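Accompanying notes for the structure given below.
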Amino acid sequence: MRTTAGRPKSFDEDGVLALAMNYFWEHGYENSTLDDLLVTMGIKKSSFYHTFKSKEELFSRCLDFYRKETEKIMMELKQQIGPKNTMLALTDMTLRELKETGSVKGCLIMNSGKECYKRYTDLSHQIALEFNFMVEMFNGFVKEAQDKGEITSKKDAKIIAGRYMSALNGMIVGIQAGASQELIDDLSDNLRELLE
């Protein structure tokens, strides 16, 4: 891998993006300092500015990286278990994360939307675009599941996908707010009912 000036980079760009993405995911945009990011990424300040320019540009790259990696994982899973089961698997993964760690990180794009809304114009615009990419992906999953008879509801696929994403995020927010297990189970059941 080479820089635009022709000098070889001393780090794997995707690798450091993944490290930065996870740090932002854990701490949020505002609470992530450049010094902490440099330590996490394991690169020097000069290399950082040459490649990423600024913390905001790095975060923008991380959002794009997150969406592409999520889409890749979801598409691969869909090929293995089908569209409906892939969406149900997201619910199961969320509940498994809660059981194993006692908390849920949620979706980086949704978390960032809440943090950056109207405070960082360019980032807010990108977050909206990334979110719409995710909506379209799930819309495609629902359409395919309907065509295969996995989802029998005749409602518009976009409506089902939108309700699913809202319900999934609602369950995650509920977990983060300390919802009871009874409520979490009810929200999980609601997610499954949306895909019947």
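None of the figures in this text is laboratory data; all of them are computed from the coordinates on show. On a predicted model such as this, the values are computed, not experimentally measured, just so you know. Ideal geometry is used to build each Cβ from the backbone, glycine not excepted, and the neighbour counts take in all protein chains shown.
For the stretch 70-137, what class follows from the C-alpha gyration tensor (a ≥ b ≥ c being the square roots of its eigenvalues): rounded when a/c is under 1.5, otherwise prolate if a/b is larger than b/c, else oblate?
oblate
Calculate the dipole size of the chain relative to its Cα centre from +1 charges on Lys and Arg beta carbons and -1 charges on Asp and Glu beta carbons; express the result in debye to the nearest 20.
In total the dipole reaches around 640 debye.
Starting from the Kirkwood Rh over alpha-carbon pairs, what translational D in µm² s⁻¹ does the stretch 1-109 have by Stokes-Einstein at 10 °C and 1.306 mPa s? If you can, show how the numbers build up before the last one.
Values: Rh = 15.7 Å.
So the translational diffusion coefficient is about 101 µm²/s.
Using only alpha carbon pairs under 8 Å that are at least six residues apart, calculate the relative contact order of the stretch 13-194 and give it in whole percent.
Computed value for the stretch 13-194: 21 percent relative contact order.
Going by the alpha-carbon gyration tensor, a ≥ b ≥ c the square roots of its eigenvalues, is the stretch 13-194 rounded (a/c under 1.5) or, if a/c is not under 1.5, prolate (a/b greater than b/c) versus oblate?
It is prolate, given that a/c is not under 1.5 and a/b is the larger ratio.
Below 27 Å, Cα to Cα, which lysines can residue 158 reach? Residues fewer than 8 away in the same chain don't count.
Correct list for residue 158: 68, 72, 78, 84, 105, 114, 118, 143, 148.
How would you order 177-184, 30-37 from highest to lowest mean count of nearby Cβ atoms within 10 Å?
Taking the mean over residues of other Cβ atoms within 10 Å, the ranking is 30-37, 177-184.
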